[in-house]
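Just so you know, all these numbers are worked out from the coordinates, no wet-lab data involved. Treat the numbers as computed from the prediction; the structure is a model and nothing was measured. Using ideal geometry, Cβ is built from the backbone for each residue, glycine included, and neighbour counts are taken over all protein chains shown.
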Amino acid sequence: MHYQGLYENKFHVHSSDWDKANPHRHGFLELLFVAKGTIDHHINGITERIGTGGYLIVDLGEVHSMERVSEEPIYITNFLFLPEFLDRTLAGKKRFDDILESFLLKFSYKTLKESMTGKAFYDTDGSVSEIVNDIVREYEQKNYGYLEWIRCQFTKLLIATMRNIGKKENTARYNKLITDITDQVNAHYSEKLKLNDIAKELGYSATYLSAQFSKSTGQRFSDYVKNVRIEHACKILENTNMAIPDIAHAVGISDIKFFNKIFKQQIGIPPSQFRKLYK
């Protein structure tokens, strides 16, 4: 492969339809974009299957390889660049993550928990494909100021990727938050449960937790607690001869009238009648 212009301009675009690339390394960074088909890409002992619209970043000097796995032909666009293409102060940097920490993206990068290299990202809304096509077209036409224009577009592509990571991390944090709430309920349903107490323990406001919980589960926190309590009450009714008032207390409800009321609302029959179904 000839990298004409790479060491002069610090940037090069190469497109290929290879079915396979044997293990290799190179003295520059690479952004590999799958424009068509599906490949298995291997790096650091990890295999990523990347389909159309997927892409990844390979650090300088990392050994990697790939092969086509789809029946349809593949078409790959490679952006090859030296760190100083983004900014001349980055000359000598070896890792892409170090580049981000030193470059103008550092404020956003500090919020990320994972490396950007070696893992697949996907163009979910077509914006990345549009940037890729624009860069390729500009590189081929080489109009006046094309490298500066490409540098701006390439930075946009990196920011789009960082936003992709940020969304994944936000989703993971959000899912963990909901799990933490439900875990608290399932562990303490027999006690007095107040959202304020859970919010304080998790480090959030009760208003925020209430809104996020309703958004995720489709029900209010108080309704979820009732559901859990009645679910446990049903199990006790099925498997024991415990008195119904004692069952109410066992699941965290001190008012027997209220217990009977919400039990019938959720199950459709009173607890005494429910028990007869299993005796």
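Observations on the structure shown:
- Sequence-distant residues sharing a close amide H with residue 87 (under 5 Å, placed H): none
- Projection of the Cα convex hull of segment 145-250, averaged over all directions and equal to a quarter of that hull's surface, yields 9.4 nm².
- You can think of it this way: the chain between residue 137 and residue 44 has 30.2 nm of extra reach, that is 0.36 nm per residue less the Cα-Cα gap.
- Values of log10 I(q)/I(0), in the order q = 0.11, 0.23 Å⁻¹, for segment 189-279 under a Debye, Cα-only, solvent-free model: -0.36, -1.08
- Cα-based Kirkwood hydrodynamic radius, segment 48-91, one decimal, Å: 13.0 Å
- Out-of-range pairs (alpha-carbon distance over 24 Å; input 200/226; 194/215; 156/176): 156/176
- Packing order of peptides 139-145, 44-50, highest average first: 44-50, 139-145 (average count of other Cβ atoms within 10 Å over each peptide's residues).
- 13 Å Cα-Cα reach of residue 142 towards aspartates and glutamates, excluding residues that sit fewer than 8 places from it in its own chain: 134
- Protection proxy ranking of 31-39, 209-217 - average other beta-carbon atoms within 10 Å, highest first: 31-39, 209-217
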